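The values are calculated or read from the model by the stated rules, or taken from the named source; none is laboratory data. Computed from a predicted structure; not experimentally measured. A quick note on method: Cβ atoms are made from the backbone with ideal geometry, for glycine too, and the neighbour counts reach across all protein chains shown.
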Amino acid sequence: MGDTQPQKSRGQKEERRRARPNPRRGEQRGRRHSPSAAMGQKCMEKVSSFLFEYDTPRMVLVRNKKVGLTFRLIQLIVLAYIIGWVFLYEKGYQSQDSIVSSVSVKLKGLTLTNESVLGPHIWDVVDYVFPPQGDNSFVVMTNFIITPGQKQGTCPELPDAGSCTRDSDCSKGTYSREGQGLMTGRCVNFNSSVKTCEIFGWCPVEVDYHVPKPALLSEAEKFTLFIKNSITFPRFKVSRRNLVESVTKDYLKKCTYHKVTDSLCPVFGLGYVVKESGQNFTVLAVKGGVVGITIDWNCDLDWPVRHCKPVYQFHGLYNDDSNVSPGFNFRYAKYYKEDGTDKRTLYKVFGIRFDILVNGKVRAAGHGCQQHHNAAPGFMGPLYGPHLSAAVQPLVLSQNKPTLGVWEDHRRLKPFTDISRMLVFIIYLFIYLFSPLFLPTGKEGFPCGTPTGNI
């Protein structure tokens, strides 16, 4: 009893002491709950939460056929888009390069003309091809107007260029846009009924009112054109010629291009080319025109280089319906001396101009994937998740030289490392989308354990 009473009194004293207000403690409490201290405490809590807390998504099982089918349908659409459009159609895993091209041409054929000025005359390649060395743009003469024996002197201008009634109509030392010389200031007789300005120039002047019809060199339709085209893709160090593996010497001697039977023959009949361009050679030869020949190289170096072949197409580049400056023509002259006097024979040439245009691009997987090679695991990890990216990375990094489509000696294909990489990507994407069907399950059929929620 004696010991119990002092203990109770001591306990009561302690309770009264705690209940007594302490000004110092109040100051601390007020200091602790000041706005700045509260803000600092919140910041510390945010930093601590960011550094030391880790959140994981909550797995929920939805037992609903409509929701499940909709989810799988969306997955299939995404998978079909990636496989069908990105990989198979657009081949998004490949990189591209443009071409560097060179073209040379040779023509063969000759024809005979018999007109009043020249008489019987044989025309061969040197006579009817301009320029003679053969380039990716050249002209084949099909018709002409000849003005022989011109020499420098004075003569009447053509009525269309310089008609007049008196000398004051002809300004001395000037020329008209359609004229063929400088006016002397005199108005002279062109014929018995027409007066024109006298000019100083090459006389007699050219009269080109009447174009020969049919064309004098209409046999040019049977001429042949041999095209040699060399290309290179600098990025992939691949070179090709239009003389592909199937074009041999014997085949080249006897073949003529046809879009169905001989689509790789580089020898073309001019008549066939004009016909395929949608024009009529007989009509085109009278006043000339322009035909475009395109050579398209669209190569996929995921396949052997022998499959990289040219495709030829032909286009008419002039509109026949235009009545303003129709056709294609130019002039050239042959000079000579006669009795010490310089003379020339002037030709107004009508011809068909051929423009050879080379287009193309190459696709290959090697260079495009190589520059992003180190980034592949980082790309695949977030997509597949840790459990799949760990399995994919050894496959992605198993080849240190992703050189698919780059050729050694232009004949031997290197291993299909990028195709393998693409297939691995598709397989693991498929597994990721349908992982609930493949991964091990725990209680109640959930993957690897019991869910935290259910619907």
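Being surrounded by 14 or more Cβ atoms within 10 Å (Cβ to Cβ), basic (Lys, Arg) and not in a strand (DSSP E or B) holds for only one residue in Lys228, Lys213, Lys275, Lys253, and it is Lys275. What's the total number of residues in segment 129-148 that are surrounded by 22 or more Cβ atoms within 10 Å (Cβ to Cβ), closer than 21 Å to Lys228 by Cα and of a type in the set (Ser, Thr, Tyr)? Adding up the residues that qualify gives 0.
Okay, residues lined up against (1) more than 27 Å from Val129 (Cα to Cα); (2) basic (Lys, Arg); (3) buried (at least 18 other Cβ atoms within 10 Å of the Cβ):
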{"site": "Leu301", "(1), (2), (3)": "yes, no, yes"}
{"site": "Lys309", "(1), (2), (3)": "yes, yes, no"}
{"site": "Leu317", "(1), (2), (3)": "no, no, no"}
{"site": "Ser325", "(1), (2), (3)": "no, no, no"}
{"site": "Ala333", "(1), (2), (3)": "no, no, no"}
{"site": "Lys337", "(1), (2), (3)": "no, yes, no"}
{"site": "Asp342", "(1), (2), (3)": "no, no, no"}
{"site": "Gly351", "(1), (2), (3)": "no, no, yes"}
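Please determine, by comparing only the residues of segment 283-333 that are more than 26 Å from Ala220 (Cβ to Cβ) and among the aromatic types (Phe, Trp, Tyr), which one is modelled with the lowest pLDDT. The qualifying residue modelled with the lowest pLDDT is Trp303. Quick one: is Arg240 at pLDDT below 95, among the basic types (Lys, Arg) and buried (at least 18 other Cβ atoms within 10 Å of the Cβ)? Against the criterion (at pLDDT below 95, among the basic types (Lys, Arg) and buried (at least 18 other Cβ atoms within 10 Å of the Cβ)), Arg240 qualifies. Which of the residues belonging to segment 244-282 are free of Cβ contacts under 8 Å to residues at least 12 places away in the same chain and more than 18 Å from Leu217 (Cβ to Cβ)? The answer is Thr248, Lys249, Asp250, Lys253, Lys254, Val260, Thr261, Asp262.
This table checks each residue for (1) of a type in the set (A, V, I, L, M); (2) touching a residue at least 40 places away in the same chain (Cβ under 8 Å).
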{"site": "Ile145", "(1), (2)": "yes, yes"}
{"site": "Ala161", "(1), (2)": "yes, no"}
{"site": "Cys164", "(1), (2)": "no, no"}
{"site": "Glu178", "(1), (2)": "no, no"}
{"site": "Leu182", "(1), (2)": "yes, no"}
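Restricting Thr224, Thr196, Thr174 to residues that are over 52 Å from the mean Cα position of the chain (by Cα) and either over 30 Å from Ala364 (Cα atoms) or among the aromatic types (Phe, Trp, Tyr) (or both) narrows the list to Thr196.
Taking segment 109-120 as the range and being surrounded by 12 or more Cβ atoms within 10 Å (Cβ to Cβ), in contact with a Leu (Cβ under 7 Å, 6 or more places away or on another chain) and free of Cβ contacts under 8 Å to residues at least 60 places away in the same chain as the test, no residue passes.
Yes or no, residue by residue, for (1) hydrophobic (A, V, I, L, M, F, W, C); (2) within 34 Å of the chain's Cα centre (by Cα):
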{"position": "Gly179", "(1), (2)": "no, no"}
{"position": "Leu182", "(1), (2)": "yes, no"}
{"position": "Phe200", "(1), (2)": "yes, no"}
{"position": "Glu206", "(1), (2)": "no, no"}
{"position": "Tyr209", "(1), (2)": "no, no"}
{"position": "Ile231", "(1), (2)": "yes, yes"}
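Please verify whether segment 188-203 includes one or more residues that are part of a loop (DSSP other than H, G, I, E, B), touching a Ser or Thr at 6+ places or on another chain (Cβ under 6 Å) and outside the structural domain of Glu219 (by TED's automatic domain parsing). The answer is yes, given that some residue of segment 188-203 is part of a loop (DSSP other than H, G, I, E, B), touching a Ser or Thr at 6+ places or on another chain (Cβ under 6 Å) and outside the structural domain of Glu219 (by TED's automatic domain parsing). Scanning segment 184-212 for residues that are touching a residue at least 40 places away in the same chain (Cβ under 8 Å), under 18 Å from Gln150 (Cα atoms) and in contact with a Pro (Cβ under 8 Å, 6 or more places away or on another chain) gives Glu198, Ile199, Val205.
Tell me, yes or no, whether segment 36-53 has at least one residue that is among the β-branched types (Val, Ile, Thr) and outside any helix (DSSP H, G or I). Within segment 36-53, not a single residue is among the β-branched types (Val, Ile, Thr) and outside any helix (DSSP H, G or I). Scanning segment 65-83 finds no residues that are part of a loop (DSSP other than H, G, I, E, B) and exposed (fewer than 10 other Cβ atoms within 10 Å of the Cβ). Among the residues making up segment 164-179, a single one is loosely packed, with under 12 Cβ neighbours inside 10 Å and acidic (Asp, Glu): Glu178.
In segment 334-369, of all residues being modelled with pLDDT of 95 or more and touching an Asp or Glu at 6+ places or on another chain (Cβ under 7 Å), the one that is farthest from Ala285 (Cα to Cα) corresponds to Tyr335.
Among the residues making up segment 126-164, those that are in a helix (DSSP H, G or I), more than 27 Å from Lys337 (Cβ to Cβ) and in contact with a strand residue (DSSP E or B) (Cβ under 6 Å, 6 or more places away or on another chain) are Pro159, Gly162.
The set of residues in segment 187-210 being surrounded by 15 or more Cβ atoms within 10 Å (Cβ to Cβ) and among the charged types (D, E, K, R) consists of Lys195, Glu198, Glu206.
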